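The values are calculated or read from the model by the stated rules, or taken from the named source; none is laboratory data. Please read all numbers here as calculations on a predicted model, not as lab measurements. Heads up, the Cβs are rebuilt from the backbone with ideal geometry, glycines too, and the neighbour counts pull from every protein chain shown. Keep in mind that these areas ignore ligands, DNA and RNA; they rest on the heavy atoms of the full protein, side chains included. Shrake-Rupley method; radii C 1.70, N 1.55, O 1.52, S 1.80 Å.
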Amino acid sequence: MSSSETIRSQMLAVLNSVDGVGNMYAREKYHKTAKELKNFYVTDDVLCGGFIRRKGLSKRTPDTWTFIVKTYWEIELFKGFSEADDSELEFDTLIDSIGTAFVENQTLNNTVDSITTEEQAGIRLVSSQPAMFAGVLVHYAKLSLITEHTE
C-alpha cells in the first residue's frame, strides 16, 4: 500500500533529480511577508522552484479484495524572468526535462503501479504563463500527474 505521503516524497525525489529545478517542496510554503516567502525559493539570487499539491483521489474495486487508487497531483513551478538569459526558453526546457524524468521513473521508485492511466501518460502541462510571485515577475507553470496503485 502506498500512502499519499510516500508518493509525494517520491515525486519530490524525481523533481529534485532535474537540473535547474530550484527549491522544490512537498507542500506549498507560506509566510506573512513576500520577502520571507521569496526566501524559500531563492538560490544564488535566482527565484526558482515550486511545490506539489494533491488535488483528488478516487478508488474503484475490480473485485472484493483490492482497490485501484488514482491520485491526482498538481505541481506548481515558477522561475524568475531574465530577458538576458532567454528565460522563457529555459523554462520550457525545464518543463520538458521534468516530463522526461517522470517517463524514466514511471513507478516512482516502485511506490506506485504506474503514472500512465487511461486519462493521461506522465506529466501534463496544464498551463504556462507569466505571473507575480512574492513580488517578482515569474514564469509560472501548472503540471498535472495521475498516479495509480492498488491496495
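Scanning the stretch 114-141 for residues that are more than 19 Å from Leu37 (Cα to Cα), touching a Ser or Thr at 6+ places or on another chain (Cβ under 9 Å) and modelled with pLDDT of 95 or more turns up Ile123, Arg124, Leu125, Val126.
When Asn110 is tested against the conditions (1) assigned to a strand (DSSP E or B); (2) of a type outside the set (Phe, Trp, Tyr); (3) open to solvent by 70 Å² or more (accessible area, probe 1.4 Å), the lone failure is (1). Thr6 passes every criterion in (1) touching a residue at least 60 places away in the same chain (Cβ under 8 Å); (2) touching a strand residue (DSSP E or B) at 6+ places or on another chain (Cβ under 7 Å) apart from (2).
The residues of the stretch 37-71 that are more than 16 Å from the chain's Cα centre (by Cα) and in a strand (DSSP E or B), listed by number, are Val42, Thr43, Val46, Leu47, Leu57, Ser58, Lys59, Arg60, Ile68, Val69, Lys70.
In this entry, Ile98 passes the filter for residues that are buried (at least 20 other Cβ atoms within 10 Å of the Cβ), out of contact with any strand residue (DSSP E or B) (no Cβ under 6 Å at 6 or more places or on another chain) and not in a loop (DSSP other than H, G, I, E, B). Among residues of the stretch 91-104 that are at positive phi, none has a beta-carbon under 8 Å from a residue that is open to solvent by less than 80 Å² (accessible area, probe 1.4 Å) and at pLDDT below 95 at least six positions away or on a different chain. When we screen Thr61, Thr33 for residues that are free of Cβ contacts under 8 Å to residues at least 12 places away in the same chain and touching a strand residue (DSSP E or B) at 6+ places or on another chain (Cβ under 8 Å), the only hit is Thr61. Of all the numbered requirements in (1) closer than 29 Å to Glu118 by Cα; (2) free of Cβ contacts under 8 Å to residues at least 24 places away in the same chain; (3) open to solvent by less than 60 Å² (accessible area, probe 1.4 Å), Lys70 misses one, and that requirement is (2).
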